[in-house]
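The values are calculated or read from the model by the stated rules, or taken from the named source; none is laboratory data. Since we're looking at a predicted model, the values are computed, not measured. Quick reminder, even Gly has a Cβ in these numbers, built from the backbone with ideal geometry, and neighbours come from all protein chains shown. Just the protein is used for accessible areas: all its heavy atoms, side chains included, with ligands, DNA and RNA removed. Shrake-Rupley method; radii C 1.70, N 1.55, O 1.52, S 1.80 Å.
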Amino acid sequence: MKSVINGVRIAGIRTVVPRERHSYVEEPGIFTAEEARKLHASIGVYERRVLPRPWCASDMCRAAAEGLLAQLGWDPASVDVLIFVSQDADYVLPVTAAVLQHHLGLSSGAACFDVTLGCSGFVYGLWMAGRLLGGQVKRALVLCGDNSTRYLHPEDKATLPLFGDAGSATALELDEGASPIRVALGTDGAGAKHIFVKAGGKRDCLIPSDPPKSEAEMQRLYRDARLQLNGAEVFTFTLRAVPGLLKEALADGGITTDDLDFLVPHQANKMMLEHIRKKVGCAADKYIIDMEKFGNTSSASIPLAICSRLGGELAAGRKKLLMAGFGVGWSWGTVLADIGPIPAPTLAELPADYPVMEVG
């Protein structure tokens, strides 16, 4: 599916990460020192940010939104749409977006909803927000974040060194002079089982039963409530689908990689991203790989990379960016947009005393 969004600009971006750091290179844990060094060389992650309890992804996103609203000088009541994109809702119900609306001080007339997407979530969130703006609907916030580290099994060597936590806020607003934003999206549920948390929903429920579940069943649920990642299948899917996706996005925009200022992919795995870069023919200085200090942060990875690496660039003037999300689902998407000049996209840490967002 392809879409062109006219008259909308990306007005600002901010990302928040936890203060807590963990490095398997420095503290190998279940790995040998040699295994940890090899993992760093291949996946490109030296350390990750790990969100401790009781905070959730929504707390990082709320902190990012508060900082961004202040940076832009926006009255929270002027925001008409809030989209919370995350695989980590605070509650089964209500939607986390409703709780965020209350805590951020948005108008009760704002449309607020959750979207359960991961790796492609930032692209989908931008598309939905952009399409909703028009007429009297003038401003939107897209909050993308996950605390994936809580899904990881403590003995799973495939996922433990890879995933980190982060939350982000992106502001969009109507602007008649804005360049078109080109979006392409796709889904193939045949790949659903390859990045999978089986237990926890209504189909494989964790709610205690009567009579109580057996010890064997509880052990199965403990295992199936953790992230299962088939690395080989993910690698195969990515190299099969993503280079063509990027080339098609460039062709639809009537440009080549030479015309781009930056290509910002979902920060999935360094080795995988380098393969994509070479297949697309993008110069290394235009291609953003920035996961060494953060890991794979799911829906927040693209805005995190932008805030970490491109703050000064986007504050200085207009830049043409191609952004691409791909993974869990399978689900994928691209956004080709001109961004800037905007207030410098900023990366901040969640304060140690930041209040937990609660209902009531």
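Residues being exposed (fewer than 13 other Cβ atoms within 10 Å of the Cβ) and in contact with a helix residue (DSSP H, G or I) (Cβ under 9 Å, 6 or more places away or on another chain): count how many of those fall in the range 43-58.
Result for the range 43-58: 1.
Can you name the residue in the range 333-356 that is among the charged types (D, E, K, R) and closer than 23 Å to His103 by Cβ and, of all such residues, is least open to solvent (accessible area, probe 1.4 Å)?
Glu349
For Trp74, which of the numbered conditions (1) assigned to a helix (DSSP H, G or I); (2) farther than 24 Å from Gly325 by Cα; (3) touching a helix residue (DSSP H, G or I) at 6+ places or on another chain (Cβ under 9 Å) fails to hold?
Of (1) assigned to a helix (DSSP H, G or I); (2) farther than 24 Å from Gly325 by Cα; (3) touching a helix residue (DSSP H, G or I) at 6+ places or on another chain (Cβ under 9 Å), only one is false for Trp74: (1).
Does at least one position in the range 93-102 carry a residue that is modelled with pLDDT under 95 and either hydrophobic (A, V, I, L, M, F, W, C) or buried (at least 24 other Cβ atoms within 10 Å of the Cβ) (or both)?
Within the range 93-102, one or more residues are modelled with pLDDT under 95 and either hydrophobic (A, V, I, L, M, F, W, C) or buried (at least 24 other Cβ atoms within 10 Å of the Cβ) (or both).
Restricting to the range 305-360, count the residues that are modelled with pLDDT under 95 and of a type in the set (D, E, K, R).
So the answer is 1.
Specify the residue that is most open to solvent (accessible area, probe 1.4 Å); the eligible residues are those in the range 202-227 that are part of a loop (DSSP other than H, G, I, E, B) and of a type in the set (D, E, K, R).
Looking at the filtered set, the residue picked out is Arg203.
Just name the residue that is nearest to Lys198 (Cα to Cα) out of those in the range 312-332 that are outside any loop (DSSP other than H, G, I, E, B) and open to solvent by 10 Å² or more (accessible area, probe 1.4 Å).
This residue is Trp332.
State which residue pairs qualify: first residue β-branched (Val, Ile, Thr) and inside the range 88-112, second residue surrounded by fewer than 15 Cβ atoms within 10 Å (Cβ to Cβ) and in a loop (DSSP other than H, G, I, E, B) in any location, beta carbons under 7 Å apart, and separation of 6 or more residues or different chains.
Val99/Val359
Please state which of the following conditions Glu173 fails to meet, knowing it meets all the rest: (1) charged (D, E, K, R); (2) in contact with a helix residue (DSSP H, G or I) (Cβ under 6 Å, 6 or more places away or on another chain); (3) part of a strand (DSSP E or B).
Unmet condition: (2).
Kindly evaluate Arg182 against the criterion of being part of a loop (DSSP other than H, G, I, E, B), in contact (Cβ under 8 Å) with a residue 24 or more places away in the chain, in contact with a Leu (Cβ under 8 Å, 6 or more places away or on another chain) and not aromatic (Phe, Trp, Tyr).
no
Mind checking which residues of the range 1-48 are assigned to a strand (DSSP E or B) and touching a His at 6+ places or on another chain (Cβ under 7 Å)?
Within the range 1-48, Arg48 is the sole residue that qualifies.
So which residues in the range 1-35 are touching a Cys at 6+ places or on another chain (Cβ under 8 Å), of a type outside the set (Ser, Thr, Tyr), open to solvent by less than 20 Å² (accessible area, probe 1.4 Å) and closer than 30 Å to Asp252 by Cβ?
Matches in the range 1-35: Ile13 only.
Within the range 87-95, does at least one residue satisfy the condition of being hydrophobic (A, V, I, L, M, F, W, C) and within 28 Å of Pro343 (Cβ to Cβ)?
no
Can you go through Ala199, Ala171, Ala166 and tell me which one is more than 20 Å from the chain's Cα centre (by Cα) and open to solvent by less than 20 Å² (accessible area, probe 1.4 Å)?
Ala199
Regarding Asp75, is this residue acidic (Asp, Glu), open to solvent by 20 Å² or more (accessible area, probe 1.4 Å) and in contact (Cβ under 8 Å) with a residue 60 or more places away in the chain?
No, not satisfied.
In the range 228-266, how many residues are among the small types (Gly, Ala, Ser), outside any helix (DSSP H, G or I) and either under 22 Å from the mean Cα position of the chain (by Cα) or surrounded by fewer than 17 Cβ atoms within 10 Å (Cβ to Cβ) (or both)?
Counting residues in the range 228-266 that are among the small types (Gly, Ala, Ser), outside any helix (DSSP H, G or I) and either under 22 Å from the mean Cα position of the chain (by Cα) or surrounded by fewer than 17 Cβ atoms within 10 Å (Cβ to Cβ) (or both) gives 1.
Kindly indicate which of Ala225, Ala178, Ala216, Ala232 is among the small types (Gly, Ala, Ser) and touching a strand residue (DSSP E or B) at 6+ places or on another chain (Cβ under 7 Å).
Being among the small types (Gly, Ala, Ser) and touching a strand residue (DSSP E or B) at 6+ places or on another chain (Cβ under 7 Å) holds for just one of Ala225, Ala178, Ala216, Ala232, which is Ala178.
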